[in-house]
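> Handing you this structure, nothing more for now.
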Amino acid sequence: MKRQPIRKTLLLASMLLFPVTLNYLSPYLIVSGSFEGVLSGSAMVFLAQFASALVFGRAFCGWLCPAGGLQDACASIQPKPTGHRLNLLKYGLWAVWLGAIVAGFITSGGIARVQILYKTDSGISVDAPAGYVIYFSVVLLVAVLSLTLGRRGFCHSVCWMAPFMVFGAKLRDALRWPGLRLTAQAERCIGCGNCGKACPMSLPVQALVQNGKLAQSECILCGSCADACPQKVLQV
């Protein structure tokens, strides 16, 4: 079985499991927990995303993110490339959100306990009417941004998870640690442009190859560009 069918199967499974995992990816619950001195399940997931990025970069976004699965499905309806003008927006939102978390723990006197199932007693996120409202609101937000902004519009503009992995990957690169990266043999490139067309993040992959600057914070290491290249210029 080739890489892309495996990746798409994992994304589909993650998307279908979103009613179960929603609370563990919730930006609200980590803030709510911080004001009670609780390190919630979502906090643990976000810390794990940062730690995983030290080795795997943003591979979570390309292989396991439920929002990524939904956006890739939306791309079959709206395949236009997404502009990159809104990329900085998510970092501004993330900074405000992170500030609220820090303020919460300061107000509550620090971390008093770890509670993985914080406000998720059954272990399943969507188990009550209010949960369905939140679930469909998040799904609608992701779908609307993808269908209006273009491919992976949610990732580019407002994703609260991406900055954890971006900063983790940047720390890895600054320390020159080994890890999963996109590499290329630029001399083999024939300029067909297939790599850029295949990229779900609308990155100018051919230009990045030719400029020798493959370290790109929006790259989700999905391997689509490598698999679309007839000359096998790219490897992940």
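The values are calculated or read from the model by the stated rules, or taken from the named source; none is laboratory data. Being a predicted model, the structure only gives us computed values, none of them experimental. Cβ coordinates were reconstructed from backbone atoms using ideal geometry, including for glycine residues, and neighbour counts include every protein chain displayed. Side chains are part of the model used for accessible areas, which takes the heavy atoms of the whole protein and leaves out ligands, DNA and RNA. Shrake-Rupley method; radii C 1.70, N 1.55, O 1.52, S 1.80 Å.
> Considering the dipole of the stretch 94-236 built from charges on the beta carbon (Lys and Arg +1, Asp and Glu -1) around the Cα centre, which of ASN194, ILE106, ALA207 is farthest to its positive end?
ALA207
> Using only DSSP helix segments of four residues or longer, with each worth -39500 (n - 2.57), what per-residue ellipticity at 222 nm results for the chain after dividing by its residue count and rounding to 500?
My calculation for the chain gives -17000 deg cm²/dmol from helical runs alone.
> What's the magnitude of the charge dipole for the chain around its Cα centre, counting Lys and Arg as +1 and Asp and Glu as -1 at the beta-carbon? Answer in Debye, nearest 20.
Charge dipole, the chain, about its Cα centre: 760 debye, nearest 20.
> Loop only by DSSP, 10 or fewer other Cβ within 10 Å of the Cβ. Give me the trypsin sites (Lys or Arg not before Pro) in the stretch 123-208 that pass, ordered by residue number.
Loop-located and lightly packed - ARG176.
> Another question about this same structure. With only alpha-carbon atoms in the gyration tensor, what are the semi-axes of the equivalent ellipsoid for the chain, in Å, largest first?
Working: eigenvalues 215, 82, 47 Å².
Whole-Å semi-axes of the equivalent ellipsoid: 33, 20, 15.
> Within the stretch 129-174, what whole-number % of the accessible surface is contributed by carbon and sulfur, with the 1.4 Å probe and all protein chains included in the calculation?
C and S atoms contribute 82 percent here.
> Leaving out same-chain residues fewer than 8 places away, which lysines sit with a Cα under 30 Å from that of LYS170?
Reachable lysines: LYS2, LYS8, LYS80, LYS90, LYS197, LYS213, LYS232.
> Please report the spacing between the Cα centers of the stretch 1-55 and the stretch 197-227 in Å, no decimals.
24
> Moving on. Let me check I've understood the local charge: for SER52, count other residues with C-beta under 11 angstrom from its C-beta, Lys and Arg +1, Asp and Glu -1. What total comes out?
+2
> Can you tell me the relative contact order of the stretch 109-236? Whole percent, Cα pairs under 8 Å, sequence separation 6 or more.
Contact order relative to length: 21 percent.
> OK, next. Check each of the trypsin sites (Lys or Arg not before Pro) in the stretch 1-72 and keep only those in coil by DSSP with at most 14 other C-beta atoms within 10 angstrom; list them in order.
Values: sites: LYS2, ARG3, ARG7, LYS8, ARG58; in loops: LYS2, ARG58.
Those that pass, being in a loop and sparsely packed, are LYS2.
> With the dipole of the chain worked out from charges on the C-beta (+1 for Lys and Arg, -1 for Asp and Glu) around the Cα centre, which of GLY33, LEU180, ALA53 lies farthest toward the positive end?
LEU180
> Translational diffusion coefficient of the stretch 126-182 at 37 °C, 0.692 mPa s, Stokes-Einstein with Kirkwood Rh over Cα pairs, in µm²/s as a whole number.
239
> Then there's this: Going by amide H atoms built from the backbone, whose H comes under 5 Å of the H on VAL114, apart from near neighbours?
For VAL114, the qualifying residues are LEU39.
> Binning at 10 angstrom from zero up to the longest distance, how are the C-alpha pair distances of the stretch 153-236 distributed in percent?
17, 48, 29, 5
> Something else about it: With no solvent and one point on each alpha carbon, what is the Debye value of log10 I(q)/I(0) for the stretch 50-110 at q = 0.23, 0.24 Å⁻¹?
-1.10, -1.10
> Against the globular-protein guess of 2.2 N^0.38 Å, express the Cα radius of gyration of the stretch 1-127 as a ratio, rounded to two decimals. Please report the intermediate quantities before stating the final value.
Numbers: Rg = 16.6 Å, N = 127, 2.2 N^0.38 = 13.9 Å.
Here the answer is 1.20, to two decimals.
> Give me the net charge for the shell around HIS156: Cβ to Cβ below 11 angstrom, other residues only, Lys and Arg +1, Asp and Glu -1.
Around HIS156, the surrounding residues sum to +3.
> Would you mind counting up the charge near ASP72? Only other residues with Cβ under 10 Å from its Cβ, with Lys and Arg at +1 and Asp and Glu at -1.
Charge balance in the 10 Å sphere: +4.
> Would you mind telling me the share, in percent, of accessible area of the stretch 1-65 contributed by carbon and sulfur at probe 1.4 angstrom?
The computed percentage sits at 81.
> Here is a follow-up. List the Cys residues of the chain that have no partner Cys with a C-beta closer than 4.7 Å.
Lone cysteines by the Cβ rule: CYS61, CYS65, CYS74, CYS155, CYS159, CYS189, CYS192, CYS199, CYS219, CYS222, CYS229.
> Can you work out the FRET efficiency for the pair VAL96 and LEU12, with r the C-beta to C-beta distance and R0 = 22 Å, to the nearest 0.05?
0.10
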